[in-house]
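Everything below concerns the one structure shown next.
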Amino acid sequence: MCGVLGATALVIGTANAQGRPDTRDYTCADARELVRREGAIVLSTGDHTYSRFVDHVGHCFRNEVTQPQFAPTIDQRQCFAGYLCIPRMLPSIR
């Protein structure tokens, strides 16, 4: 039983070590193309940070809009890589 648990932990640890694509491993153009091709993708943007990038508002919930999302890449400190889905601001009623 201990061997099975150890093997399971090893597999889970290996899967987590592979992680998600990191914007810092791409040029700005390649990061933007990755988001465009996938439509919506979670990318690491730092050692302990990540963000969900979308290509257009069609990948957001109906009550959300897009906001430009920037990330560090090999060739740019702030590359426009896609959009972030954010809640739509409703007009205030007075």
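The values are calculated or read from the model by the stated rules, or taken from the named source; none is laboratory data. Please read these numbers as outputs of a predicted model, since none were measured by experiment. Note that we place each Cβ from the backbone using ideal geometry, even for glycine, and neighbour counts take in every protein chain shown.
Of all residues in region 60-94, which are among the basic types (Lys, Arg) and more than 18 Å from the chain's Cα centre (by Cα)?
First pass over region 60-94, keeping only residues among the basic types (Lys, Arg): 62, 77, 88, 94.
If the condition is that a residue be among the basic types (Lys, Arg) and more than 18 Å from the chain's Cα centre (by Cα), then ARG62, ARG88, ARG94 are the ones that fit.
Residues ARG24, ARG52, ARG94, ARG37: which one is modelled with pLDDT of 95 or more, among the charged types (D, E, K, R) and exposed (fewer than 13 other Cβ atoms within 10 Å of the Cβ)? If you could, list the steps in order and put the result at the bottom.
Details: ARG24 fails: exposed (fewer than 13 other Cβ atoms within 10 Å of the Cβ); ARG52 fails: exposed (fewer than 13 other Cβ atoms within 10 Å of the Cβ); ARG94 fails: modelled with pLDDT of 95 or more.
Residue meeting the stated conditions: ARG37.
Just to verify a result, which residue in region 32-76, among those that are in contact with a Lys or Arg (Cβ under 9 Å, 6 or more places away or on another chain) and small (Gly, Ala, Ser), is nearest to PRO91 (Cα to Cα)?
Once the filter is applied, the top-ranked residue is ALA40.
Quick one: what pairs do we get from region 25-45, first residue in contact (Cβ under 8 Å) with a residue 12 or more places away in the chain and assigned to a helix (DSSP H, G or I), second surrounded by 20 or more Cβ atoms within 10 Å (Cβ to Cβ) and hydroxyl-bearing (Ser, Thr, Tyr), C-beta under 6 Å, 6+ apart or different chains?
CYS28/THR73; ALA31/THR23; ALA31/THR73
Return the total of residues in region 60-84 being buried (at least 16 other Cβ atoms within 10 Å of the Cβ) and closer than 19 Å to PRO21 by Cα.
11
Working carefully through the options GLY13, GLY58, GLY3, find the one that is among the small types (Gly, Ala, Ser) and modelled with pLDDT of 95 or more.
Values: GLY13 fails: modelled with pLDDT of 95 or more; GLY3 fails: modelled with pLDDT of 95 or more.
Every option except GLY58 fails the conditions.
When region 48-59 is examined, which residues are found to be under 13 Å from the mean Cα position of the chain (by Cα) and either within 20 Å of ASP75 (Cα to Cα) or not hydrophobic (A, V, I, L, M, F, W, C) (or both)?
Quick first cut of region 48-59, residues under 13 Å from the mean Cα position of the chain (by Cα) only: 48-55, 59.
HIS48, THR49, TYR50, SER51, ARG52, PHE53, ASP55, HIS59 - these are the residues of region 48-59 that are under 13 Å from the mean Cα position of the chain (by Cα) and either within 20 Å of ASP75 (Cα to Cα) or not hydrophobic (A, V, I, L, M, F, W, C) (or both).
What do you reckon, is ILE74 in a loop (DSSP other than H, G, I, E, B) and either modelled with pLDDT of 95 or more or among the β-branched types (Val, Ile, Thr) (or both)?
Numbers: in a loop (DSSP other than H, G, I, E, B): yes; either modelled with pLDDT of 95 or more or among the β-branched types (Val, Ile, Thr) (or both): yes.
Yes, satisfied.
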